[in-house]
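Undergrad: Dropping a structure here in structure tokens format, bear with me for questions.
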Amino acid sequence: MVYIDEFISDRKTLELVLDNLRDGIVAHDLDRRIIFFNREAEKITGFSKDDVMGKDCHEAFGAPFCGDRCSFCDDHYPDLKTRLDFPTTFITRSGKLRHIEMSITGIFDGETFKGVIASFRDMTEFTELAARAHELSSFSGIIGKTSPMRQIFQQIVDVAKYDYPVHIHGETGTGKERVAAAIHSESKRTQGPFVPVNCGAIPEGLVESELFGHVKGAFSGAVKDRKGRFELADNGTLFLDEVAELPKQMQVKLLRFLQEGIVERVGSESTVKVDARIISATNKDLTAEVKRGNFRQDLFYRLNVIPINLPPLRARRNDIPLLSAHFLKRAEKDTQNPIPTFSKDAIRAMMDYDWPGNVRELQNAVQFAIVRCKSNEIMPMDLPMELRNVSTNIPVSPISEKQTTSGKLDLDSVITALERTGGNKAKAARELNVGRATLYRFLEKETRAADFAATLK
């Protein structure tokens with residue numbers, strides 16, 4: 001027993017134990033000075049002990065090691081009595097991007113908070129293999145595993161490697177900002193700032209100051225110099241949501257930035273060099289806006305270098321159960337009350353609905369159902385009125401008899417059913433007398449039928 005006590009108390013022996021773990025270990029004190037860095041941490045990050053020991057964590061790695069989840073970026077100490085788990089990305093010393101699973105907990109001496117210890121594991125290879133095997137149900141905070149979403153995940157990985165402008169088009173509520181944040185997170189700019197701006201929410205008289213900043217005395221109320229969003233995004237990513245709402249004068253200034261990489265504060269006679277990647281988004285058709293004269297054609301070409309089109313929720317209905325479960329799990333963290341589950345009939349009603357508000361509307365519907373439900377299972381009657389009004393009594397058409405006899409789907413019958421149901425795949429499946437999963441598998445193979453369904457929406 002004495003031998004064991006001596007073994008544990010010996011610092012070198014303890015370091016030897018930690019050096020042989022498969023997880024990276026880094027610890028720092030309350031001043032963020034690194035006090036421990038094991039061998040696996042060296043291997044994953046590319047930094048040696050000599051590089052980081054005794055240094056401020058942010059200075060040693062050139063940015064917060066925990067990314068945007070850093071608990072020591074605020075003025076007050078965090079409460080880390082419970083473990084904090086989250087995925088993040090890290091740029092190694094050689095400039096490679098690594099996907100990391102991080103666990104953070106506080107170091108306490110009794111009730112006295114002494115510092116922080118982080119254990120982390122490199123999940124880069126696993127993430128890439130899972131993506132290739134189509135096993136991922138989420139990617140960088142985006143939920144989905146249907147074919148359209150797998151394509152979006154791949155696009156994010158592809159475009160993140162370059163600094164070219166990206167333009168994201170999608171209906172309201174499809175998650176354009178999440179995709180922009182994922183591109184930033186997967187890029188080598190991940191340790192820089194991600195600055196989102198809703199161009200449609202800024203009063204027209206303040207747009208220029210908000211985006212480009214101002215100098216003291218530039219106008220009434222300008223009591224000091226102020227950086228704009230472009231400067232705040234230096235070495236990171238600027239996300240311009242609802243970019244179609246930018247006034248013409250601001251479109252000219254944005255074009256100049258894309259061409260020269262410089263901004264000029266309101267009231268200033270000098271320019272500032274800024275290194276920021278631009279990602280824009282809108283739910284409008286920018287090509288149509290150009291034709292109407294509302295948007296500059298030269299700016300459109302500059303922004304639309306790499307276009308990404310987000311599918312509406314009705315085009316990926318098989319993700320609805322997955323998203324619903326995700327929102328239920330999130331609700332569990334927000335309350336101590338028991339959270340119900342969805343019944344099959346409720347899920348069926350949700351999959352039959354067209355979701356004009358997309359994922360945002362689905363989240364609202366889940367929250368509504370949680371509050372309304374008085375049992376441990378959410379039924380159709382617990383859903384919002386518009387979902388309860390979805391008709392599920394569709395008469396069987398002659399098409400279904402044909403499918404029952406043949407036992408197989410054919411392209412002509414599927415297209416006919418989709419046309420009759422206005423592109424609603426759940427209703428088309430009932431007309432064809434097959435399960436929804438069978439129809440969706442057929443559509444994944446028959447792109448012509450899938451494309452036809454998309455045109456009906």
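The values are calculated or read from the model by the stated rules, or taken from the named source; none is laboratory data. Because the structure is a prediction, the values reported are computed rather than measured. No Cβ is skipped: glycine too gets one built from the backbone with ideal geometry, and neighbour counts run over all protein chains shown.
Undergrad: Please find, among Asn294, Asn304, the residue that is polar (S, T, N, Q), surrounded by fewer than 20 Cβ atoms within 10 Å (Cβ to Cβ) and touching a strand residue (DSSP E or B) at 6+ places or on another chain (Cβ under 8 Å).
TA: Asn304
Undergrad: Can you tell me which residue among Ser187, Ser147 is in contact with an Asp or Glu (Cβ under 6 Å, 6 or more places away or on another chain) and in contact (Cβ under 8 Å) with a residue 60 or more places away in the chain?
TA: Only one candidate passes the filter, namely Ser147.
Undergrad: Hey, another quick one. Buried (at least 20 other Cβ atoms within 10 Å of the Cβ), under 24 Å from Thr174 (Cβ atoms) and of a type in the set (Phe, Trp, Tyr): which single residue out of Phe239, Phe230 fits that description?
TA: Criteria check complete, one pass: Phe239.
Undergrad: Cys66 - would you say it is within 18 Å of the chain's Cα centre (by Cα) and modelled with pLDDT of 75 or more?
TA: Yes.
Undergrad: Is it the case that Leu299 is crowded, with 17+ Cβ neighbours inside 10 Å and under 30 Å from Thr146 (Cβ atoms)?
TA: no
Undergrad: What pairs can you find where one residue is in region 47-70 and closer than 19 Å to Asn235 by Cβ, the other is outside any loop (DSSP other than H, G, I, E, B) and basic (Lys, Arg), and their Cβ atoms are less than 9 Å apart, with a gap of 6+ or different chains?
TA: So the pair list comes out as Asp56/Arg33; Cys57/Arg33.
Undergrad: Considering every residue within region 187-203, establish whether at least one is surrounded by fewer than 17 Cβ atoms within 10 Å (Cβ to Cβ), touching a strand residue (DSSP E or B) at 6+ places or on another chain (Cβ under 7 Å) and of a type in the set (A, V, I, L, M).
TA: No, region 187-203 has no match at all.
Undergrad: Right, here's the next one. Within region 273-295, identify whether any single residue is more than 30 Å from Met149 (Cα to Cα) and in contact with a helix residue (DSSP H, G or I) (Cβ under 6 Å, 6 or more places away or on another chain), and answer yes or no.
TA: Yes, that holds for at least one residue.
Undergrad: Among what's in region 30-47 and is of a type in the set (A, V, I, L, M, F, W, C) and not in a loop (DSSP other than H, G, I, E, B), pick the residue that is nearest to Ile91 (Cα to Cα).
TA: Result: Ile44.
Undergrad: Continuing with the same structure: Show the residue pairs meeting these rules: Cβ distance below 8 Å; 6+ apart or different chains; first residue within region 196-219 and among the polar types (S, T, N, Q); second residue buried (at least 20 other Cβ atoms within 10 Å of the Cβ).
TA: Filtered contacts from region 196-219: Asn198/Asp241; Ser209/Gly228.
Undergrad: If the Cβ limit is 6 Å and pairs must be 6+ apart or interchain, which residue in region 424-438 that is more than 17 Å from Asp319 (Cα to Cα) and of a type in the set (A, V, I, L, M) pairs with which residue that is in a loop (DSSP other than H, G, I, E, B) and at pLDDT 75 or above?
TA: Listed by first residue and then by second, the contacts come to Ala428/Thr421.
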